[in-house]
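To start, the structure itself, in structure tokens.
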Amino acid sequence: MRATLLICGKDLKTRLRDRSAVLIGIVVPLGLALIFNSIFGGITGNSKAIALGVVNADRGAASARFVSGVLGAVGRTGLIAIHRVPTAARARALAANGTLDAAIVIPAGFSARVASQRPAAMQVIGNVGNPISTEIARSIAGSYAADLNRVRLSVATVLAAGGSSAGSPARVQALAARAAAAAAPVAVADVSAKSKQLDQKSFFAAGMAVFFLFFTVQFGVTSLLEERNDGTLARLVAAPISRVSIIAGKLLTSFMLGLISMFVLVVATTVLFHASWGNPVGVAVLVISAILAATGIMALIATFAKNSEQAANWQSVVAVVLGLLGGTFFPVSLAPGILSRLTFVAPQAWFMRGLGDLRGGSLSAVWVPALAMLVFAAVSSGIALTRLRHMTEV
């Protein structure tokens, strides 16, 4: 045990002295997290509510129901902010200068057309810089207009089938009342998973941390290859130190480098970016599981290399591929087809999923992701340990 700690302490001192581990494990991921947050600010989870204007030039019963019923319900979700605008010209000016993302114009005579069973339509004014908001406004207006037209056709069909008596004013008024009592055709609810999705700052902080974790833990095992090539491994084996202690010291170095890197990044991103990682106990479980998985996988890759340079190249390729599949830069789980299922072959995906589940659930939500990462660690470490014992036979 003492020999293991001495080997680990020596390697840690070496890596911290040449600053390579500090650069890859802390500086680069922290810098990239800052850059990504700056570039994508306002595009993802922290974007503001859509500013939707409404111009009611009609002021009839049908338009009042649309403004108070449909748009009122939409506005209460907090996802869309409704702004009443007096004229269509004013709405165009506000959309052009970016004050409004889109606007819906209810033309004069809209309610009269609805009451007389004629086709009714609304106009949508869009901001050229917000095409998605324009499509949302078009969908809301189009849905309501289509619903009214559907009711119009239904009433016309009933009147045509009922003969002359069916077209009496009382009958038409009753059918119109039923149409007015119909449920609002558009409903917007926030099911964006506050509970299952990291916000932008936390996503990039966690993604960059676990992505570069796989690069950081390389240093421990690759140092074994360096010592074998330099001839110092032969002296270690000749000393009264067991091969198990040598291997354990190298793996412990990888683990400690990963632990230092993740601890610093969690604290730094929380303080600097206000990232929300979640319950500290759950985060600690996920971080330790991720470090063990990364150490095992990188150790296994290193055992197939002939020298440290080759090992570093192979490990880098594996780290990049697993990082991309694991959704550290973007949520691959939302991608269509087989890619969304392949994401969970990467420990990084389980780490990101665990943080998302922890954000909206109890501490028990981390056990499945943590167990998945520990399976990666157990399988890869088991094979790596067998091969590492052969590597120390010099």
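The values are calculated or read from the model by the stated rules, or taken from the named source; none is laboratory data. Not measured: the values here are computed from a predicted model. With ideal geometry, Cβ positions are generated from the backbone for all residues, glycine too; neighbour counts draw on all protein chains shown. Accessible surface is based on the protein model in full, side chains and every heavy atom, while ligands, DNA and RNA are left aside. Shrake-Rupley method; radii C 1.70, N 1.55, O 1.52, S 1.80 Å.
Along the stretch 81-88 the Karplus relation, 6.51 cos²θ - 1.76 cosθ + 1.60 evaluated at θ = phi - 60°, assigns HN-Hα couplings of 9, 8, 10, 7, 10, x, 9, 5 Hz to successive residues, with x for each Gly and Pro. Calculated accessible area for the stretch 238-340 comes out at 44 Å² per residue, all protein chains present (probe 1.4 Å; ligands, DNA, RNA ignored).
Close amide H pairs (under 5 Å, H built 1.01 Å from N) link Ile80 with Ile50, residues at least 5 positions away or on another chain. Computed from backbone phi with θ = phi - 60° and the Karplus coefficients 6.51, -1.76 and 1.60, the 3J(HN,Hα) list for the stretch 224-229 is 5, 5, 4, 5, 5, 6 Hz; x is used for glycine and proline. Between amide H atoms placed 1.01 Å from N, distances below 5 Å from Val54 occur with His83, Arg84, Val85, Ile104, all of them 5 or more places distant or on a separate chain.
Using the Cβ atoms and a cut-off under 15 Å, what net charge is assigned to the surroundings of Met373, where Lys and Arg are +1 and Asp and Glu are -1?
Values: positive: Arg353; negative: Asp357.
That sum, taken over residues with Cβ under 15 Å, equals 0.
Residues whose amide H falls under 5 Å from that of Gly60, counting only those 5 or more places apart or on a different chain, are Ser111, with hydrogens built in the peptide plane.
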